[in-house]
Structure formats: C-alpha cells, structure tokens
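Notes to accompany the following structure.
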Amino acid sequence: GVHRQVLFATLGCFLGYQLVKRAEYVHAKVDRELFEYMRHHPADFQAAEKKRVGQLLEDFHPVR
C-alpha cells in the first residue's frame, strides 16, 4: 500500500544522498591528490603560451 511507497521513497532518498556524498568525497580526494602532485612537480605543468585566435584557426579557402 501507501506505507510501502513512502518507505521505499524514503529509502531511495537516503541511499541516493549517501551515494552522492560518497561520490563527492572520492572526487575531492582525487582532486586533492592531483593538486598536491602538481604543487610538488611544477616543471611538469608549465603554463602554455597564449595564442591569438588567428593562430588557432586554419586559413579559409572557399570551395566553388
């Protein structure tokens, strides 16, 4: 009946909340490890030189 639907809805919300919390924890842990690695090895992560839009795009040649 209705009491089962309420029970399963509550259970689903609880499990969904726990899964989202766990996923956020795992992603935060990976981010923390990657940023720590980047902080200890700055030579591997040099900022690329800035390019203008004209350097990124190919020359336009219309096809007729």
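Give the label of the value calculated from the structure for Rg and Dmax of the Cα atoms in Å, choosing from (1) 20.3, 60; (2) 23.9, 72; (3) 25.0, 71. Label (3) holds the value from this structure.
If the chain linking ARG22 and HIS40 were pulled fully straight, counting 0.36 nm for each residue of separation and taking away their Cα-Cα distance, it would gain 3.8 nm. Taking Cα atoms only, the orientation of helix 2-40 departs from the longest principal axis of the chain by about 30 degrees.
Note that the chain presents 108 Å² accessible area per residue, ligands and nucleic acids not counted, probe 1.4 Å. To put it simply, the accessible area of the chain at a 1.4 Å probe is 62 percent carbon and sulfur. For LYS29, the lysines whose Cα falls under 22 Å of its own Cα, not counting residues fewer than eight places away in the same chain, are LYS21. Think of the chain as having a plus end and a minus end, set by charges on the Cβ of Lys, Arg, Asp and Glu; of ALA28, VAL53, LEU11, LEU11 sits farthest toward the positive end of this dipole.
The values are calculated or read from the model by the stated rules, or taken from the named source; none is laboratory data. Keep in mind that what you see is a predicted model, and the values were worked out from it rather than measured. In this analysis, Cβ positions are derived from the backbone assuming ideal geometry, glycine residues included, and neighbour counts consider all displayed protein chains. Heavy atoms of the whole protein, side chains included, go into the accessibility calculation; ligands, DNA and RNA do not. Shrake-Rupley method; radii C 1.70, N 1.55, O 1.52, S 1.80 Å.
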